Structure formats: structure tokens, C-alpha cells
Amino acid sequence: MKRAFIIGHPISHSLSPKMHKFWLDELGIEGSYEAIDVAPENLEAELKRLQNAGYVGGNVTIPHKEAVMKFCDEIVGLAKGKTKAINTLVFIENKIVGYNSDVYGFSKNLSSNGIDFDNINSCLVIGAGGAAIAILTELRMFFPPSNIGQSNRIIYVTNRTRDKSAYLSKEFECCVIDWDKKETILPSVDLVINTTSLGMKGQPELDINLNDLRKNSIVTDIVYNPLETNLLKQSHSLGIKTVDGLGMLIYQGVLGFTKWFGVDPSTKEGLLEKTRELLVKNLS
Ligand code: NAP
């Protein structure tokens, strides 16, 4: 029986165990996916224990996404470059291989909601944390930096702590917008992405007035609890297309599940839709 895990601190809030157990059941795979609370000081020892116990790998969540990188023998794909966080581990023989599946989850969520990056010329990324870095890594695939100055394709970044957005502007060749002036750029953006934790249950709201955003723009929030954040509610009321963050969670999970258990859950017809229904019911 293949065993996978999610490690974090705390971990009881995570929806990932529900999702992966559902996929194991629906796909008839004999396996497990366990939530394990790991305090930061125990991370290295716990990884060794999981490896020795024969786990196939697992997910990594807050606060270990960055710290776990130094225990990886190999970092694959986009996670190797500018992305400074790992959320998926695969144990192969004696090696720990790290991936960042948020990168894939983000763009797959948009594309499965009918968003075509070819039709987007400019984005505003709100936030400059780990998720913002993953998203910028992905956006840069669709918005090559060489296009800056040659066309209108441009990425703006705004963050409460300006130093962090200034750092990202250098790494990803973006334009920094002051946190308290972010609304001024709205008339010229096609896609607004909230990557902060603002709007999440128990957190303050994201304070932004979208009145100046064009009606054919798109707003996406990677916060998924609540499913319809105030940012998305406001966008709806203005008639602006929205994409919520639950699909990103589901698609990032698809990548790990496929690597651990050898079956891609998105290939079973209707399974991801049923997964979404299940997770919505489990949002508290
Ligand atoms: P992180 O690295 O801690 O970054 C947090 C970001 O939120 C920073 O930009 C931070 O700004 C900003 N922020 C926090 N509190 C703020 C406040 N009171 N006012 C203004 N800005 C504030 O976290 P992360 O890993 O990027 O995750 C961010 C959110 O994305 C979390 O809610 C997480 O659950 C969600 N997420 C969702 C998915 C998904 O699958 N849908 C995947 C990954 C993450 P400063 O730099 O100024 O502190």
C-alpha cells in the first residue's frame, strides 16, 4: 500500500486529506494520505522518518514550504528557478525530489475556466509572498520579459511591504505599484490576482475598489475559504468575470497524486467536479 502525507504546523485545517482520500476511494487505489503536524524544529527528523517508513512522498504546507528546500536532493521544473517554495515532495529510492505544484495549479485553474493567456496583456499581482512568486514564475512563461517595452504586455506587483515587491520586480521584471496606489493602475489591467491571505476566513479584508477596472477584465483570488471572497463578490456585482481559488488547490493536488499513486485523477470523467462539490461542503 502506498502512503503519502501532508506536513504543516498547524495542519488540522487542511482540505488536502479529504481530497486525496476521495481520489483514492474513487479510483480504487489502495493507499493513504495522512495529515501530520510537524513543528519547525522537527522538520528534518520527520522527513527522515517518513522516508525510512516507506512513504512515497507528500505535500508541504505553511510554515515548511521554504525550509524544506534544503532537504531536497533535487528540485524539479519551475521550482528550481526563482520559485522559493516547495509544496510537493516525491521520495524516489533514497532521494527527496521537490516540486512546486502551485505553479501548475494556478494556470490550470485559469485555463479550465476558459481564460486564455494570449488574450491578456497586463496583470496586477497583489502580494509578494510564496504564492506570488509561484504565480509570477508561471506568468513569465506567458509574458516573456522581452515583451516589456515592445508591447503593452506587462506585470504590475503591489505589496504592503514594498521591499518584497521591489525584489520581485527585479527577479521577474515587473513594475512596482505602491500599495496605497494600486487602484490607479486598474484601468489598464486585464487580470487582477490576489495572492495575499487578505479576505481569508479570520483575516482582514483586501481593501480595494474595483470601479475603475474594465468590465472585460478578470479577477481571481487564490484564497478559497470563503469560496467567494469579498474581492470576488465585488467583481461579480460589477459584472466582471471571476475565478475562485478552489480550482488551484485541486489542480496542485492532481500533480502530487499522479506522482505518488501513478494515476491522474483528472482523467476520470467528472471526478474533479465531484471533488469540488465535496470540498465546498467541507469549507467551514
Ligand atoms: P505568505 O508567503 O505568507 O505571503 C502572504 C502575503 O499576504 C504577503 O504578500 C503579505 O504581505 C500579505 N499580507 C498578509 N497579511 C496582510 C495584511 N494584513 N495587509 C496586507 N498584506 C498582507 O503566504 P503565501 O504562501 O504566499 O499564501 C498566501 C495566501 O494564498 C494564503 O491565504 C494561502 O492559503 C493562499 N494559497 C492558496 C493556494 C491555492 O491552492 N488556492 C495555494 C497557495 C497559497 P507582506 O509581505 O507585507 O507581509
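The values are calculated or read from the model by the stated rules, or taken from the named source; none is laboratory data. Since the model is a prediction, treat every value here as computed from it, not as a measurement. Here the Cβ is made from the backbone with ideal geometry for all residues, glycine too, and neighbour counts use every protein chain on show.
Table: residues versus (1) surrounded by 24 or more Cβ atoms within 10 Å (Cβ to Cβ); (2) among the acidic types (D, E); (3) more than 14 Å from the ligand (Cβ to nearest atom).
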| position | (1), (2), (3) |
| --- | --- |
| K70 | no, no, yes |
| K84 | no, no, no |
| N100 | yes, no, no |
| I120 | no, no, yes |
| I126 | yes, no, no |
| G130 | no, no, no |
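From the list N194, N225, N282, the one residue that fits, being more than 14 Å from the ligand (Cβ to nearest atom), in contact with a Leu (Cβ under 7 Å, 6 or more places away or on another chain) and in contact (Cβ under 8 Å) with a residue 40 or more places away in the chain, is N282. Scanning segment 1-26 for residues that are surrounded by fewer than 17 Cβ atoms within 10 Å (Cβ to Cβ) and not hydroxyl-bearing (S, T, Y) yields M1, K2, R3, H9, P10, H13, K18, K21, D25, E26. Cβ separations smaller than 8 Å between residues 6+ apart or across chains give the following pairs from segment 243-266 residues that are of a type in the set (D, E, K, R) to residues that are within 8 Å of the ligand (Cβ to nearest atom): D244/Y224.
Screening A53 with (1) of a type in the set (A, V, I, L, M, F, W, C); (2) farther than 18 Å from F142 by Cα; (3) at pLDDT 95 or above; (4) surrounded by 18 or more Cβ atoms within 10 Å (Cβ to Cβ) gives one miss only, at (4).
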